[in-house]
Amino acid sequence: MTQENPRTRTSDTSSRVVHADAIYADLRDRLMQGKVSPLERITEIALADRYEVSRTPVREAITRLVSDGLLMRRNSGIYPYVPSYGDLKELYELRILLEKQGIRRIQEGLGRSDLTLLTQIHEHWESHRNDRPRPDASFVSEDESFHVMTLQSAGNASLVTVLKDVNRKIRPVRMFDYLSEDRMQATVDEHLAIIDLIVSERYEEAIEALSTHIMVSEQVVLEQSSHALSLPRLFGEGI
């Protein structure tokens, strides 16, 4: 029996990962730019032909995109995913309530608030102010981290768990908020302003700034995603 060369196996694995990463990035961008019809069934065979690779790296890329929420599995196969307008509105409403409650907890001295964590968050985002990040859909993860950690500083793990679930559900369209220089700059500046207000105990102003920050982001997301995806289903119509 011929033994497999370990070096060859490692090389093949590395090459497959590179292919999977490249396919993932390209297909993610195509989905977000509305270049894939919501009615188009996504198949491993078609993508393997498109990228001139085997089905294995394609399968890995599809799995990641399903996990991101950009693709969804239906009975008839895999298709681009976009949540309904009604779902988005409800989830954003819940998100605001959760994060406002976090500031209220700090204000009222409930639980064990972690002001040291707030300082760390501020330092991290101050570095973004000094070295502005380029527009990139993947920045949504960095933004989520800010909101999760800020809520975490309020000392209620259950609130954090619910916010993480909300983030997961709205992430597919929230990525559209980080595709321009002005939105990236606004995100950094507004995050720093919110933390400054909390640390200086100007809680009502902090709540107002947080609410405005999220609502403006929601408006941008709804506008950008509806234009890019051109999906009737985004506004509650069947496809």
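When the range 190-215 is limited to residues that are surrounded by 15 or more Cβ atoms within 10 Å (Cβ to Cβ) and of a type in the set (V, I, T), the one that is nearest to K100 (Cα to Cα) turns out to be I207. When we screen D165, D182 for residues that are without any contact (Cβ under 8 Å) to a residue 12 or more places away in the chain and over 24 Å from R104 (Cα atoms), the only hit is D182.
When you go through T119, T150 one by one, which is the residue that is hydroxyl-bearing (S, T, Y) and open to solvent by 30 Å² or more (accessible area, probe 1.4 Å)? First the steps, then the outcome.
Numbers: T150 fails: open to solvent by 30 Å² or more (accessible area, probe 1.4 Å).
Residue meeting the stated conditions: T119.
Among the residues making up the range 37-63, those that are assigned to a helix (DSSP H, G or I) and open to solvent by 70 Å² or more (accessible area, probe 1.4 Å) are I45, D49, R50, R55, R59, T63.
Scanning the range 159-178 for residues that are within 19 Å of D29 (Cβ to Cβ) and surrounded by 21 or more Cβ atoms within 10 Å (Cβ to Cβ) yields P172, V173, R174, M175, F176, D177, Y178. Figure legend. Inter-residue proximity from the range 103-117: first residues without any contact (Cβ under 8 Å) to a residue 60 or more places away in the chain, second residues open to solvent by 90 Å² or more (accessible area, probe 1.4 Å) and not charged (D, E, K, R), beta-carbon distance below 7 Å, spacing 6+ or different chains. Indicated pairs: L117/Q152. The set of residues in the range 64-103 that are over 19 Å from I170 (Cβ atoms) and either buried (at least 20 other Cβ atoms within 10 Å of the Cβ) or of a type in the set (S, T, Y) (or both) comprises S76, I103.
The values are calculated or read from the model by the stated rules, or taken from the named source; none is laboratory data. Just so you know, these numbers come straight off a predicted model, no measurement behind them. A quick note on method: Cβ atoms are made from the backbone with ideal geometry, for glycine too, and the neighbour counts reach across all protein chains shown. Remember, those area values only see protein heavy atoms, side chains included, never the ligands or the DNA or RNA. Shrake-Rupley method; radii C 1.70, N 1.55, O 1.52, S 1.80 Å.
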